[in-house]
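The next block holds one structure in the form of structure tokens; read it before the comments.
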Ligand SMILES: NC(=O)c1ccc[n+]([C@@H]2O[C@H](COP(=O)([O-])OP(=O)(O)OC[C@H]3O[C@@H](n4cnc5c(N)ncnc54)[C@H](OP(=O)(O)O)[C@@H]3O)[C@@H](O)[C@H]2O)c1
């Protein structure tokens, strides 16, 4: 039987207090990985405790740190705490991010700077701090979370889509400059069934109808789950993906294959 085995490895996953990060952390733990997670939620919050409980249930070790990935001091704290606790870092899943949807005309300089700091710079800066540890690993892997907005966008999603498009370039640069010891891969999720997206459906007069309308735009006739992204992550982090680096994978249920009419 073919299985993904990450037993004994340690992964940093950012943004585990909600959505995709939590799903990714759970799947990596299911594959045997210890997880050092973070988010802005405080350490005894329901979100942090949910993460810790989920990893414990998979039988591996977990660590949660409340921090802001846009702060260099906080990023250093995360990497130091992880290496002190687990003595190694094999996988970085740099996932934390927020939709900054302002529009090219209305976006302020502050909003632009915030978006670039969180949705682009934090991925590079955290990768740089993890580099020496990943190089000491047998199969150091960096996975950067971008978006289907890196390929096609919608009016009003600026400047988020600009940062997410740039992540594809970051993936290429890290792969060609830091290989062969470290592989770098991007994941570009489409519509994933997260609390944030449910909140968006709820903003419509008929949330159920809007959800169904969105589902119908997907050839697979479903939304993605956070675990769907986790399974791709687990594969890309494993030795089975040793020939994969410098590229970004769309995981969008076929939505982008459908031409507009
Ligand atoms: N959901 C989708 O359909 C979708 C599609 C394409 C791409 N993505 C990308 O996937 C990633 C996760 O999105 P999501 O939908 O799962 O979002 P989410 O449910 O809002 O979760 C975001 C996570 O990031 C953390 N976070 C946000 N800002 C942070 C900061 N400054 N420092 C540390 N942690 C921070 C949050 O922590 P707290 O909650 O504790 O503040 C939370 O754990 C993002 O990069 C997003 O752009 C999502």
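See the values below:
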quantity: Residue check, residue 35 modelled with pLDDT of 95 or more, under 27 Å from residue 190 (Cα atoms) and either outside any helix (DSSP H, G or I) or not assigned by TED's automatic domain parsing to the domain that holds residue 240 (or both); calculated: yes
quantity: Qualifying positions in region 123-157 - buried (at least 17 other Cβ atoms within 10 Å of the Cβ), more than 23 Å from residue 244 (Cβ to Cβ) and touching a strand residue (DSSP E or B) at 6+ places or on another chain (Cβ under 7 Å); calculated: 157
quantity: For residue 70: the one exception among (1) more than 10 Å from the ligand (Cβ to nearest atom); (2) part of a loop (DSSP other than H, G, I, E, B); calculated: (1)
quantity: Candidate set from region 203-239 (those that are under 22 Å from the mean Cα position of the chain (by Cα) and not in a helix (DSSP H, G or I)); member that is surrounded by the most Cβ atoms within 10 Å (Cβ to Cβ); calculated: 224
quantity: Answer residue from region 16-32, given it is in a loop (DSSP other than H, G, I, E, B) and more than 10 Å from the chain's Cα centre (by Cα) and is farthest from the ligand (Cβ to nearest atom) among those; calculated: 32
quantity: Residue in region 189-202 that is away from the ligand (no atom under 13 Å from the Cβ) and surrounded by fewer than 21 Cβ atoms within 10 Å (Cβ to Cβ) present; calculated: yes
quantity: Residue list for region 216-245, restricted to those being farther than 17 Å from residue 33 by Cα, out of contact with any strand residue (DSSP E or B) (no Cβ under 7 Å at 6 or more places or on another chain) and away from the ligand (no atom under 16 Å from the Cβ); calculated: 216, 219, 221, 242, 243
quantity: Matching residues, region 88-98, being in a loop (DSSP other than H, G, I, E, B) and touching a strand residue (DSSP E or B) at 6+ places or on another chain (Cβ under 8 Å); calculated: 88, 89, 90, 95, 96, 97
quantity: Residue identified as on the phi < 0 side of the Ramachandran plot and within 16 Å of the ligand (Cβ to nearest atom) among 65, 60, 85; calculated: 65
quantity: Residue in region 121-131 that is closer than 27 Å to residue 219 by Cα and touching a helix residue (DSSP H, G or I) at 6+ places or on another chain (Cβ under 9 Å) present; calculated: no
quantity: Elements of type helices (runs of 4 or more DSSP H) in region 99-183, at least 1 residues being at pLDDT 95 or above, under 18 Å from the mean Cα position of the chain (by Cα) and away from the ligand (no atom under 16 Å from the Cβ); calculated: 122-136, 160-178
quantity: Extreme residue, surrounded by the fewest Cβ atoms within 10 Å (Cβ to Cβ), among residues of region 33-57 that are in contact (Cβ under 8 Å) with a residue 40 or more places away in the chain and within 12 Å of the ligand (Cβ to nearest atom); calculated: 39
quantity: From 60, 65, residue being in contact with a helix residue (DSSP H, G or I) (Cβ under 6 Å, 6 or more places away or on another chain), free of Cβ contacts under 8 Å to residues at least 60 places away in the same chain and part of a strand (DSSP E or B); calculated: 65
quantity: Qualifying residue in region 174-181 (condition: touching a residue at least 12 places away in the same chain (Cβ under 8 Å) and either outside the structural domain of residue 20 (by TED's automatic domain parsing) or within 23 Å of residue 16 (Cα to Cα) (or both)); calculated: no
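The values are calculated or read from the model by the stated rules, or taken from the named source; none is laboratory data. Since the model is a prediction, treat every value here as computed from it, not as a measurement. Methodologically, a virtual Cβ is constructed for each residue, glycine included, from the backbone with ideal geometry; neighbour enumeration extends over all protein chains shown.
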